[in-house]
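Structure first, commentary second.
Nothing in this text is a laboratory measurement; each read-out follows from the coordinates by a stated rule. The shown structure was predicted, so the numbers you read here are calculated from the model rather than taken from an experiment. Cβ sites come from the backbone with ideal geometry, for glycine too, and all protein chains shown count toward neighbours.
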Amino acid sequence: MKKSLEEHAARFDEKAGAYDDSKSEEYHACANLVVEHAAAEPDDTVLDLGTGTGAIALALAPDAARVVGRDISEGMLEQARQKADEASLENVEFGHGTFREPDYEGPVDIVTTNFAFHHLSDDEKREAIDVIAALEPRKFVLGDVMFFGDPDPDDPFYTPAVDDPATVGTLADALTDAGFSLTAVERVHDQVGVLVAERNPTGSDVAADE
Ligand SMILES: C[S@@+](CC[C@H](N)C(=O)[O-])C[C@H]1O[C@@H](n2cnc3c(N)ncnc32)[C@H](O)[C@@H]1O
């Protein structure tokens, strides 16, 4: 992690009020893919990590039984709570939690994250993926800054001073080492994509039983 949790939280506290008006076309494409791949169903509990102002959590809430959003920035969480109130969404809850310590106990069907995982170092990403796998969701949808080619700080989305994105290969290794199968890879930009990781995806039960 290029900055401490406290430094990242302070940075996002400062941006919180203007955050929703600062998004790129690629951000929206990535967020839409995360929501689409999450494909929440009426009985599902969704955990959205690095939830920020709740873009993913609030989009999934109408389709899910319950959505839990976790973040380290109280400023971002406050915006998310306000938006949930304005939309009269009562099945969504926002609170403090990190990728490696989500501070959530209970069943989770789907874990999502969008544009946040790149704040962790590659070792920390592995630890976080292990924590997520231990929650036993059927699916983890990871949208983020990630490298499909060579990292290029002159291209958008990668600011080496604050960000620590991984290559798609590094993420795929960590996900499969944690017991997930990679079931979709979506390239939004050379430095932005969505990975869908599932436990026991349709069809694999048969193979596993043989
Ligand atoms: C660019 S925002 C993305 C917010 C939201 N997911 C979205 O799609 O709009 C990144 C968020 O990640 C949060 N964050 C950074 N490091 C984190 C960590 N280690 N654990 C949890 N949240 C973190 C920040 O506070 C910030 O709200």
Partners for residue 3 among lysines (Cα-Cα distance below 21 Å; same-chain residues under 8 apart left out): 15, 125
Sequence-distant residues sharing a close amide H with residue 92 (under 5 Å, placed H): 67
Whole-Å distance, taken between Cα centres, linking the range 155-196 and the range 51-75: 21
More than 31 angstrom apart: percent of Cα pairs within the range 5-209: 12
Whole-number percent relative contact order across the chain, with pairs defined as alpha carbons under 8 Å at least 6 apart: 20
Per-residue ³J(HN,Hα) for the range 126-136, Karplus 6.51 cos²θ - 1.76 cosθ + 1.60, θ = phi - 60°, Hz, x for Gly and Pro: 4, 4, 5, 5, 5, 5, 5, 4, 5, 6, 6
Helical contribution to [θ] at 222 nm, DSSP H n ≥ 4, -39,500 (n - 2.57), averaged over the chain, rounded to 500: -11000 deg cm²/dmol
Karplus (6.51, -1.76, 1.60) ³J(HN,Hα), θ = phi - 60°, over the range 105-121, in Hz, Gly and Pro reported as x: 10, x, x, 10, 8, 9, 10, 10, 7, 9, 6, 9, 5, 5, 7, 8, 6
For residue 114, net neighbour charge (Lys/Arg +1, Asp/Glu -1) across residues whose Cβ lies under 10 Å away: -2
Charge tally in the Cβ shell below 12 Å around residue 16, where Lys, Arg are +1 and Asp, Glu are -1, residue 16 excluded: -3
